[in-house]
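*Asks:* So that we are looking at the same thing, I have put the structure below in structure tokens.
The values are calculated or read from the model by the stated rules, or taken from the named source; none is laboratory data. A quick note: this is a predicted structure, and the numbers were derived from the prediction, not measured. Cβ coordinates were reconstructed from backbone atoms using ideal geometry, including for glycine residues, and neighbour counts include every protein chain displayed.
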Ligand code: SF4
Ligand code: SF4
């Protein structure tokens with residue numbers, strides 16, 4: 001059935017005015033589903049070259065979905081928000097996804113999807129859809145999932161709206177929550193402000209306390225920018241002091257016009273973006289400390305992805321993988337895109353039809369009456385533009401000369417196309433390339449050593465052989481003098 005109007009909850013996103021210039025930096029460049037699910041990808045990464053037939057690229061079996069219940073609407077106004085242009089692309093302010101569209105999405109996806117799937121809920125700030133909306137969503141999932149099918153939920157949030165009701169709900173339905181916290185208070189509050197320009201650090205920690213109180217599994221997402229990237233020691237120490245087991249670092253790379261340049265080079269990365277070398281130094285510091293002290297307990301998403309590439313041959317995060325084919329993004333209005341970093345008209349893949357108002361002799365039918373309900377759009381996925389999706393997904397494989405001859409391409413794959421000049425429009429290396437190369441050159445022997453144990457199903461010993469350690473960290477040889485006789 002279609003939901004009647006009276007089923008809709010009133011959209012009252014707190015006392016704060018919702019707007020469109022704020023967004024939750026998503027996990028998902030990286031967090032394409034916070035739990036990696038091999039089964040959802042058909043037993044491994046999707047590989048166009050190995051699988052002829054583009055239509056297979058968009059089957060529910062192979063694709064996971066990210067939904068934006070309120071589009072780019074957010075109660076915060078972070079300075080490095082990448083979703084601002086998305087919000088500006090709408091003619092009208094974003095509203096909440098209607099329950100009819102939501103039901104169509106689920107009814108067209110779940111019955112054919114894998115036995116275990118993860119759905120990622122993102123924004124903007126997705127909790128602005130309201131708890132009643134999310135409770136209806138759970139009902140609809142129950143209605144449309146197959147018997148025995150497991151549906152995991154991942155929610156990316158700025159954490160400032162969490163309360164006990166949310167905590168109990170997230171616990172009950174076993175959500176995995178990604179919480180955005182940029183390390184130190186001074187860096188977090190510099191960029192992550194609310195719409196009254198107030199810092200939000202303490203409110204995020206209060207939100208985390210709710211998650212801890214209700215035993216909600218969660219990870220911390222640190223958006224790396226020009227400030228916190230220069231303080232790896234303090235940021236990492238703070239994260240370890242917070243006793244978190246799951247961490248993601250997402251570099252905030254955006255492109256802006258360079259007024260001092262012309263032609264092809266009239267672009268540069270935004271002032272808030274982390275410079276490549278600083279990114280490399282940050283990763284090196286974190287890796288060294290993680291390897292020495294925390295690798296048995298703490299998961300760092302990028303390190304996990306590299307280990308997966310080395311041990312199993314595929315990446316667990318899209319940024320380092322070889323295609324952008326693992327997931328589609330659905331906006332609040334039912335429009336579908338290959339990735340939420342490319343929600344723009346030229347990458348639109350199609351549309352989940354909004355509900356049709358049924359009329360008879362000019363009279364609107366009551367959709368609550370049996371037989372009068374607008375039909376659900378259950379075949380939206382088969383209508384998506386597969387050739388365009390393939391073009392989108394393959395762009396990641398279009399490397400310039402430097403990447404083609406790079407020793408680290410197997411673990412980097414040129415990074416996210418959005419980080420390449422300008423948003424992947426030129427076959428040039430990532431803006432983070434120098435950092436990637438510094439990091440891989442430094443860490444590869446130890447990553448390969450760990451990957452060997454993963455491959456064999458063994459647990460690596462606590463002490464790594466000195467031959468794989470960087471020169472400056474090897475134990476100095478103690479010279480012993482021969483005793484004089
Ligand atoms: S463009 Fe590709 S690599 Fe970048 S976030 Fe999207 S899917 Fe991932
Ligand atoms: S490290 Fe640089 S050159 Fe090598 S694959 Fe990555 S982006 Fe390309």
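Condition check ((1) surrounded by fewer than 17 Cβ atoms within 10 Å (Cβ to Cβ); (2) within 16 Å of ligand 1 (Cβ to nearest atom); (3) modelled with pLDDT of 95 or more) across all residues:
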| site | (1), (2), (3) |
| --- | --- |
| 382 | yes, no, no |
| 396 | no, yes, no |
| 399 | no, yes, no |
| 413 | no, yes, yes |
| 416 | no, yes, yes |
| 426 | yes, yes, no |
| 432 | no, yes, yes |
| 443 | no, no, yes |
| 448 | yes, no, yes |
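*Asks:* Could you list, in sequence order, all residues of the range 280-317 that are within 16 Å of ligand 1 (Cβ to nearest atom) and within 15 Å of the chain's Cα centre (by Cα)? Can you show your working first?
*Replies:* Just the residues of the range 280-317 that are within 16 Å of ligand 1 (Cβ to nearest atom), to begin with: 301-302, 304-306, 308-309, 314-317.
Hits for the range 280-317 are 301, 302, 304, 305, 315, 316, 317.
*Asks:* Could you say which residue among 320, 358, 330, 349 is more than 30 Å from residue 450 (Cβ to Cβ), modelled with pLDDT of 95 or more and either within 14 Å of ligand 1 (Cβ to nearest atom) or surrounded by fewer than 20 Cβ atoms within 10 Å (Cβ to Cβ) (or both)?
*Replies:* Values: 320 fails: more than 30 Å from residue 450 (Cβ to Cβ); 358 fails: modelled with pLDDT of 95 or more; 330 fails: either within 14 Å of ligand 1 (Cβ to nearest atom) or surrounded by fewer than 20 Cβ atoms within 10 Å (Cβ to Cβ) (or both).
Checking each option against the conditions leaves just 349.
*Asks:* Shifting gears a bit: Among the residues of the range 417-426 satisfying the criterion of being part of a loop (DSSP other than H, G, I, E, B) and at negative phi, which is nearest to ligand 2 (Cβ to nearest atom)?
*Replies:* 420
*Asks:* If you don't mind, there's one more thing I want to ask. Could you list all residues from the range 433-458 that are within 14 Å of residue 411 (Cα to Cα) and not in a helix (DSSP H, G or I)?
*Replies:* If the condition is that a residue be within 14 Å of residue 411 (Cα to Cα) and not in a helix (DSSP H, G or I), then no residue fits.
*Asks:* Can you find a residue that is under 24 Å from residue 387 (Cα atoms), at pLDDT below 95 and in a loop (DSSP other than H, G, I, E, B) anywhere in the range 78-89? Spell out how you get there, then give the answer.
*Replies:* Within the range 78-89, the first condition is being under 24 Å from residue 387 (Cα atoms), and the residues that meet it are 86, 89.
Narrowing the set further to residues that are at pLDDT below 95 leaves 86, 89.
If we keep only those that are in a loop (DSSP other than H, G, I, E, B) as well, we get 89.
For the range 78-89, residues under 24 Å from residue 387 (Cα atoms), at pLDDT below 95 and in a loop (DSSP other than H, G, I, E, B): present.
*Asks:* If you go through the range 106-131, how many residues are within 27 Å of residue 81 (Cα to Cα) and either touching a helix residue (DSSP H, G or I) at 6+ places or on another chain (Cβ under 7 Å) or in a helix (DSSP H, G or I) (or both)? Give the derivation first.
*Replies:* If we filter the range 106-131 for residues that are within 27 Å of residue 81 (Cα to Cα), which is where we start, we get 118-131.
Checking the rest, the ones that are also either touching a helix residue (DSSP H, G or I) at 6+ places or on another chain (Cβ under 7 Å) or in a helix (DSSP H, G or I) (or both) come to 118, 126-129, 131.
Number of matching residues: 6.
*Asks:* Just one of 194, 187 is modelled with pLDDT of 95 or more and under 22 Å from the mean Cα position of the chain (by Cα); which is it? Reasoning before the result, please.
*Replies:* Numbers: 194 fails: modelled with pLDDT of 95 or more.
Residue meeting the stated conditions: 187.
*Asks:* If you don't mind, there's one more thing I want to ask. Could you check the range 394-408 and list, in sequence order, the residues that are farther than 24 Å from residue 267 by Cβ and touching a helix residue (DSSP H, G or I) at 6+ places or on another chain (Cβ under 7 Å)?
*Replies:* To start, the set of residues in the range 394-408 that are farther than 24 Å from residue 267 by Cβ comprises 405, 407-408.
Correct list: 408 only.
*Asks:* Any residue in the range 454-469 that's under 18 Å from residue 442 (Cβ atoms): show its pairings with residues that are exposed (fewer than 15 other Cβ atoms within 10 Å of the Cβ) and at pLDDT below 95 at Cβ separation under 6 Å, as long as the two are six or more apart or on different chains.
*Replies:* Final answer for the pair search is 466/474.
*Asks:* Would you tally the residues in the range 239-277 being in a helix (DSSP H, G or I), surrounded by fewer than 19 Cβ atoms within 10 Å (Cβ to Cβ) and touching a residue at least 12 places away in the same chain (Cβ under 8 Å)?
*Replies:* Adding up the residues that qualify gives 3.
*Asks:* Could you tell me which of the residues 102, 170, 140 is part of a helix (DSSP H, G or I), out of contact with any strand residue (DSSP E or B) (no Cβ under 9 Å at 6 or more places or on another chain) and modelled with pLDDT of 95 or more? Break it down into steps so the answer makes sense when it comes.
*Replies:* On the way: 102 fails: out of contact with any strand residue (DSSP E or B) (no Cβ under 9 Å at 6 or more places or on another chain); 170 fails: out of contact with any strand residue (DSSP E or B) (no Cβ under 9 Å at 6 or more places or on another chain).
Every option except 140 fails the conditions.
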